[in-house]
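Here is the structure we will look at.
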Amino acid sequence: MNVTLTPQPGISAPQTVLVTGGTGYLGGWCIVELLRRGYSVRTTVRSLSKEAALRAAVATSVDAGARLRVAAADLTRDEGWDAALAGCDYVLHVASPLGGGDPKDKESLVAPARDGALRVLRAATKAGARRVVMTSAATAATPAMSGPDRVSDETVWFDPREDVDPYRHSKRLAERAAYDFMRNYGGATTLTTVLPGAVFGPILTVDSKGSTEVIGRLLQGRVPANPHFGLQIVDVRDLVDLHIRAMTAPGAGGERFLGVGQFLWMSEISRTLRAQLGAAADKVPTRDMPDFVFRSLALFDASLRAMTPRLGRTQIHSAAKAQRLLAWQPRPVAATLIDCARSLISKKAI
């Protein structure tokens, strides 16, 4: 799945890629893979006090040498972005705020996600970057839950009237705002968005577990039974590969690419873990949770309440476009789940 770097005429030094949010789960793996492929990497953190931990995380997988630089920039502030982007050839804008599922907080993530994306785009276009690849989410290409289940693709945009949890709400509005900005820009920089499903796979450190906590909770026995909802899973390593392909492919500018793999119900995820991990998966649930039980629990837990519309739904997204235009191919989902679980166990993250 690796992409071979082809030096461009007249360019002797490695190309420089800015990765936003280098301490995050996806951001960390982007840094690692870019360094492996010969790029110079600049990454942003909200505070330079995080630099030592970031470098230590990267060092678990690759020797950065002098090709990694760290800059301070916050998605909620203008300061620092021009300096961070100066001289960068490409941008992987993967940083995004995370939050709870309380509908009362629905707008709390919008400003840092939407306004942060616009700060990155303004600085990138000013710096003359060739392309910005922005991480959106598959939910931004999901039709309203009130309709029938169907396969959706990148031509689908969300229904803005639909009530979704704060994270999905912020990702939807951020992607829409980014394309609105680019329509009025008219310069040489191009924007591409990648829309992933549920991101699992190995972790670099216990401090950047991201969405792998879903697998961690299963292994810890914190989920008493499997609720009746499913996920379209993508391996973090494959997702990074998709970002880099979208970054360099000549025809990818202005395009959206869904980065998703196989759909699995939670019960299928649990069965896969139990079948391949032996005693390490003894606490993974074997029973299925009736929908009425989940809805009852959701009355007292706002994070569960945000998930109730997804009960029993199979909203599938197609990754055919990424496979066709970028020759992207995700690995088998079972390998992702087991690598994720073994990584959480070996790094004592559960």
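All of the numbers you see were taken from the coordinates with simple rules; none came from a lab. In this text, all values refer to a predicted model and were calculated from it rather than measured experimentally. Cβ atoms come from the backbone with ideal geometry, glycine included; neighbour counts cover every protein chain shown.
Annotations for the structure displayed:
- For ALA71, the residues whose modelled amide H falls within less than 5 Å of its own, excluding neighbours fewer than 5 places apart on the same chain, are THR43, THR44, VAL45.
- Around the Cα centre of the chain, unit charges on the Cβ atoms of Lys, Arg, Asp and Glu (plus for the first two, minus for the last two) sum to a dipole of about 380 debye.
- Taken over segment 16-346, lysine pairs spaced eight or more positions apart, or on distinct chains, with alpha carbons under 28 Å apart number 11.
- Between the Cα long axis of helix 236-248 and the first principal axis of the chain there is an angle of about 30°, rounded to the nearest 10.
- The peptide list 39-51, 128-140, put in order of mean Cβ contacts within 10 Å with the highest first, becomes 128-140, 39-51.
- With all projection directions averaged, the alpha carbon convex hull of the chain covers 17.2 nm².
- Tensor-based shape of segment 259-350 (alpha-carbon gyration tensor, a/c under 1.5 rounded, otherwise prolate or oblate): oblate
- Candidates ALA302, ALA178, ALA57, ranked by Gaussian network fluctuation over the chain, Cα under 10 Å, top entry: ALA302
- GNM result for the chain, Cα springs below 10 Å: residue of TYR25, TYR167, TYR179 fluctuating most strongly: TYR179
- Computed over segment 157-313, Cα set: Rg, Dmax in Å: 18.5, 58
- Between the amide H of SER152 and those of ILE316, HIS317, SER318, distances stay under 5 Å, these residues lying 5 or more places away or on another chain, with hydrogens modeled in the peptide plane.
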